[in-house]
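What follows is a set of notes on a single structure, which appears directly below.
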Amino acid sequence: KTDSYQSLQQQAKEQANLVNKLQKQLAEQESETAEQTESYQSLQQQAKEQANLIEDLQQQLSEQKSLATQQVESNQALQQQAQQQANLVNKLQKQLAEQESQAAQQVESKSNQFLQQQTQDQEKRIAELEHQLSEQQSPANQPTESYESLTQHNQEQEDRIATLQKQIVELKRWATLGKAELNKRRSRRLF
């Protein structure tokens, strides 16, 4: 009976150690989940700001199309620019939808692998947006003929593009933070 009692004591001690280990693992998992949730909330805020910018661009584009309709023969260059801007808005909308979808998947998967992929996707989008903005600002894409009212519209559009450039800088900052977080987590697992 003494041996049986000691065996039960040993078993109880092992179970207590297992419970402590599981509690520690649960606490670590909750901490990691909280970090990923905070990252997702930041992405949501950024997506909301980009959606507001796109809405402003669409309103500006609508005004330019209306004016171009009244001056078709003398403003063909402006119509071409408006079409290019419409394509840019469509691309931005598609990229925003992809980013929101990936952000939602990030919270569901709770994995570093997705966070790394998200960072890479952001870098690709940054490069594409910068390329598109460079094309928009090229003299070859500017209208050859203009009026005072059209000049004002174009100036407002340039201001919108400058705002978008600021958004790109912010997106780069988030991508850098994401890489740093990945490296930190890898280091924590190695040691």
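The values are calculated or read from the model by the stated rules, or taken from the named source; none is laboratory data. Computed from a predicted model, the values in this text were never measured in an experiment. Every residue, glycine as well, gets a Cβ built from its backbone with ideal geometry; the counts of neighbours run over all protein chains shown.
Numbers at a glance
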{"item": "Lone qualifier among ALA68, ALA103, ALA34 - being small (Gly, Ala, Ser) and at pLDDT 80 or above", "result": "ALA34"}
{"item": "Subset of the stretch 174-191 (residues that are without any contact (Cβ under 8 Å) to a residue 24 or more places away in the chain and not basic (Lys, Arg))", "result": "THR176, LEU177, ALA180, ASN183, SER187, LEU190, PHE191"}
{"item": "First in the stretch 145-173 and surrounded by 11 or more Cβ atoms within 10 Å (Cβ to Cβ) and among the aromatic types (Phe, Trp, Tyr), second anywhere and part of a loop (DSSP other than H, G, I, E, B) and at pLDDT 80 or above, Cβ under 6 Å, 6 or more apart", "result": "none"}
{"item": "Any hit, the stretch 23-33, residues being surrounded by 10 or more Cβ atoms within 10 Å (Cβ to Cβ) and either in contact with a Leu (Cβ under 9 Å, 6 or more places away or on another chain) or within 30 Å of GLN167 (Cβ to Cβ) (or both)", "result": "yes"}
{"item": "Residues located in the stretch 174-185, provided they are surrounded by 12 or more Cβ atoms within 10 Å (Cβ to Cβ) and over 19 Å from LEU92 (Cβ atoms)", "result": "THR176, LEU177, GLY178, LYS179, GLU181, LEU182, ARG185"}
{"item": "Residue among SER187, SER146, SER134 that alone is modelled with pLDDT under 80, part of a helix (DSSP H, G or I) and not charged (D, E, K, R)", "result": "SER134"}
{"item": "Members of the stretch 1-11 that are exposed (fewer than 10 other Cβ atoms within 10 Å of the Cβ) and in a helix (DSSP H, G or I)", "result": "THR2, ASP3, SER4, TYR5"}
{"item": "Matching residues in the stretch 34-49 - criterion: being surrounded by 11 or more Cβ atoms within 10 Å (Cβ to Cβ) and within 25 Å of GLN113 (Cβ to Cβ)", "result": "GLU35, GLN36, THR37, SER39, TYR40, GLN41, SER42, LEU43, GLN44, GLN46, ALA47"}
{"item": "Sole residue being at pLDDT 75 or above and touching a Lys or Arg at 6+ places or on another chain (Cβ under 6 Å), chosen from THR119, THR151, THR163", "result": "THR119"}
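Here's the yes/no breakdown for (1) part of a helix (DSSP H, G or I); (2) out of contact with any Asp or Glu (no Cβ under 6 Å at 6 or more places or on another chain); (3) at pLDDT below 85:
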| site | (1), (2), (3) |
| --- | --- |
| ASN17 | yes, yes, no |
| ASN20 | yes, yes, no |
| GLN29 | yes, yes, no |
| GLU73 | no, yes, yes |
| GLN79 | yes, yes, yes |
| GLN85 | yes, yes, yes |
| LYS94 | yes, yes, no |
| ALA97 | yes, yes, yes |
